[in-house]
Amino acid sequence: MAPKKTKRVLVVGAGPGGLTAAMILGKRGYEVEVFEKQLEVGGRNARITLKDFHFDLGPTFLMLKEVLDRVFEEAGADSESLLRFKRLEPMYRLQFDDRQIEPTTDPEGMKQEIARVFPGRESTYERFIAREGARFSRLYPCLEQPYHTLRSMLSLRLFKALPHLALNKSLYDLLSGYFCDPKLSFTFTFQAKYLGMSPWECPGLFAIIPYIEHHFGIYHVFGGLNRISEKMAEIAAGHGVKVHLNTSVRSLLLDGRSVSGVVLDDGREVRGDEVIINADFAQAMCTIVPPGILRKYTPERLAKKRFSCSTFMLYLGVDKIYQMPHHSIVFARDYRKNVEEIFKGDSFSDDFSFYVHNPSITDESLAPAGQSAVYILVPSANLRGKIDWNRDGQDIRARVLEALEKRGGMPDLRRHIVAEKMITPQNWQNDYNVYAGATFNLAHNFRQMLYLRPRNQFEELDHCYLVGGGTHPGSGLPTIYQSGLIAANLITALN
Ligand SMILES: Cc1cc2nc3c(=O)[nH]c(=O)nc-3n(C[C@H](O)[C@H](O)[C@H](O)COP(=O)(O)OP(=O)(O)OC[C@H]3O[C@@H](n4cnc5c(N)ncnc54)[C@H](O)[C@@H]3O)c2cc1C
């Protein structure tokens with residue numbers, strides 16, 4: 001991989017995918033410029049500050065830390081010396097209407113925890129770890145390679161992985177086979193929500209996600225996961241990468257079907273040899289690609305694709321610290337009905353599930369002493385649903401706060417809120433450029449995966465590469481980092 005100072009690479013968006021590619025290509029000697037619409041780096045992984053309270057805008061679970069370590073290494077940096085990590089044990093609390101469980105990565109401890117909460121159901125845990133571990137070791141390598149040609153689908157890796165694809169089973173079908181009890185099955189299938197999918201629709205192969213959690217653990221980063229993006233930008237800058245904040249790309253510059261640069265919002269043209277798009281894939285196709293160019297990802301065809309659900313968010317500065325776990329998920333009484341209502345999208349469920357991030361219990365840097373930065377995420381319909389978020393947002397906020405007081409372990413919450421921000425699915429689209437407010441991008445069904453997902457070497461335009469959650473390998477920080485590494489390798493291989 002001989003460095004080539006002369007080759008210019010332009011990156012649209014400083015989210016995790018764009019920053020990964022930029023820092024690696026910067027290290028390899030490319031001349032890289034990143035254009036970011038917002039005032040700060042990170043995209044959905046940015047930091048929000050309200051008064052003296054600091055929050056992660058999006059990601060709060062760091063999984064497969066080894067992938068982060070690897071992309072830092074590729075950029076000549078050591079994640080352990082630049083960031084402070086804490087592996088969380090137990091990982092989280094899952095609260096049902098009649099019981100709660102706190103999963104741990106210690107196999108013996110997990111068996112005891114299952115026996116405590118679901119007596120007599122603990123014996124199949126070891127089988128789950130052994131079988132899903134085998135699935136992971138066959139499938140994960142398939143996510144590390146690009147699918148830019150049909151030939152790449154014929155790889156030996158993919159051939160060996162075929163029996164592990166669980167083609168005819170949903171995640172719930174597959175894992176309820178081990179655990180029988182519905183609530184114990186939810187303990188291992190709610191992770192479909194990390195992809196913004198229903199456990200009853202999500203392909204069974206994603207059983208690798210609960211396996212990854214239970215085997216490799218989940219991490220907090222002191223200061224918030226947004227620190228990762230900030231460090232990536234610093235590493236990139238150290239390699240001479242220029243990051244232009246508050247600089248929106250209005251359009252790609254095209255020479256036929258070949259991308260030759262970008263046009264900025266102020267009309268300035270910037271030329272480059274290769275362009276990497278990290279902006280939300282579907283949104284970018286509808287906004288920065290001039291009309292009439294695309295065949296496969298036209299606005300009309302995108303309108304027929306399947307997308308993830310959205311999230312209704314509250315970021316609360318609270319003048320006390322609740323003695324609650326770092327992560328808790330509170331399930332609706334009828335979880336399946338709630339999930340079905342999210343994907344039907346007619347209305348906000350009366351009985352809804354929510355996630356509470358309470359990092360101040362672990363990390364004192366996020367709020368003034370004795371106070372806390374609390375983040376609430378409620379999986380919700382995306383903008384294809386019928387909810388009018390502008391009209392109903394405040395009412396939904398009131399219902400969420402009431403639920404936190406009644407079911408979320410924060411009985412006097414409303415009296416202690418001293419700073420607040422709300423993000424609805426409508427805000428995700430309007431303020432954060434997320435297509436249909438679908439926070440986890442294109443859905444991960446078989447028809448939208450691997451060769452059938454937008455490819456890292458974009459099949460529709462020359463000299464154009466795609467990174468981020470809407471592209472291969474998919475949504476979630478480790479796979480997004482992987483997309484940045486794959487794109488950087490594809491560009492490097494051009495030389
Ligand atoms: C609420 C929420 C919770 C999540 N939780 C987790 C989690 O716990 N763990 C996990 O692994 N993943 C999580 N994710 C998923 C995923 O990791 C993040 O969404 C991640 O930030 C997506 O990264 P990305 O590279 O796709 O780009 P994005 O973060 O979407 O960044 C794209 C960037 O492009 C910029 N941009 C867009 N258009 C333009 C333009 N025209 N010109 C210039 N710049 C432009 C945007 O401003 C943005 O900065 C979560 C996501 C959300 C929304």
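The values are calculated or read from the model by the stated rules, or taken from the named source; none is laboratory data. Bear in mind the structure is a predicted one, so any value in this text is a computation, not a measurement. FYI the Cβ positions are ideal-geometry reconstructions off the backbone, even for glycines, and counts take in every protein chain you see. Note: accessible area is taken over every heavy atom of the protein model, side chains too, but ligands, DNA and RNA are not part of it. Shrake-Rupley method; radii C 1.70, N 1.55, O 1.52, S 1.80 Å.
A few notes on this one:
- Residue that is nearest to S79 (Cα to Cα) [pool: residues in the stretch 223-256 that are away from the ligand (no atom under 13 Å from the Cβ) and part of a loop (DSSP other than H, G, I, E, B)]: G223
- Counting the residues of the stretch 402-419 that are open to solvent by 40 Å² or more (accessible area, probe 1.4 Å), part of a helix (DSSP H, G or I) and in contact with a strand residue (DSSP E or B) (Cβ under 6 Å, 6 or more places away or on another chain) gives 1.
- Close pairs from the stretch 441-470: first open to solvent by 10 Å² or more (accessible area, probe 1.4 Å), partner part of a strand (DSSP E or B) and of a type in the set (V, I, T), Cβ under 6 Å, at least 6 apart: H463/V259
- Any hit, the stretch 49-63, residues being away from the ligand (no atom under 16 Å from the Cβ), surrounded by 15 or more Cβ atoms within 10 Å (Cβ to Cβ) and closer than 19 Å to Q191 by Cα: no
- Applying a threshold of 8 Å to beta carbon distances and a minimum spacing of six or more residues, or different chains, the list of pairs starting in the stretch 288-301 at a residue that is at negative phi and ending at one that is in a loop (DSSP other than H, G, I, E, B) and open to solvent by 30 Å² or more (accessible area, probe 1.4 Å) reads I288/A279; I293/R257; K296/E459.
- Per-region count, the stretch 333-351, residues closer than 21 Å to M422 by Cβ and surrounded by 22 or more Cβ atoms within 10 Å (Cβ to Cβ): 1
- From the list V289, V259, V275, V318, the one residue that fits, being farther than 22 Å from Y194 by Cα, within 16 Å of the ligand (Cβ to nearest atom) and in contact with a His (Cβ under 6 Å, 6 or more places away or on another chain), is V259.
- Residue check: D266 meets all listed conditions (1) surrounded by 12 or more Cβ atoms within 10 Å (Cβ to Cβ); (2) within 28 Å of E31 (Cα to Cα); (3) of a type in the set (D, E, K, R) but one, namely (1).
- G18, sole failed condition from (1) more than 11 Å from the ligand (Cβ to nearest atom); (2) open to solvent by less than 70 Å² (accessible area, probe 1.4 Å): (1)
- Within the stretch 363-376, considering residues that are touching a residue at least 24 places away in the same chain (Cβ under 8 Å) and open to solvent by 30 Å² or more (accessible area, probe 1.4 Å), the one nearest to D56 (Cα to Cα): S365
Rundown of residues vs (1) within 19 Å of Y92 (Cβ to Cβ); (2) at pLDDT below 95, yes/no style:
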| site | (1), (2) |
| --- | --- |
| F118 | yes, no |
| Y140 | no, yes |
| Q145 | no, yes |
| M153 | no, yes |
| R157 | no, yes |
| G177 | no, yes |
| T187 | yes, no |
| A192 | yes, no |
| S198 | no, no |
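- Selected residue (criterion: farthest from Q448 (Cα to Cα)) from residues of the stretch 466-480 that are in a loop (DSSP other than H, G, I, E, B) and of a type in the set (S, T, Y): S475
- Among the residues making up the stretch 460-484, those that are touching an Asp or Glu at 6+ places or on another chain (Cβ under 8 Å) and either more than 8 Å from the ligand (Cβ to nearest atom) or of a type in the set (K, R) (or both) are H463, C464, Y465, P473, Q482.
- Pairs, first closer than 16 Å to G469 by Cβ and without any contact (Cβ under 8 Å) to a residue 40 or more places away in the chain in the stretch 274-287, second away from the ligand (no atom under 11 Å from the Cβ) and open to solvent by 10 Å² or more (accessible area, probe 1.4 Å), C-beta under 8 Å, six or more apart: M285/L294; M285/T298; M285/P299
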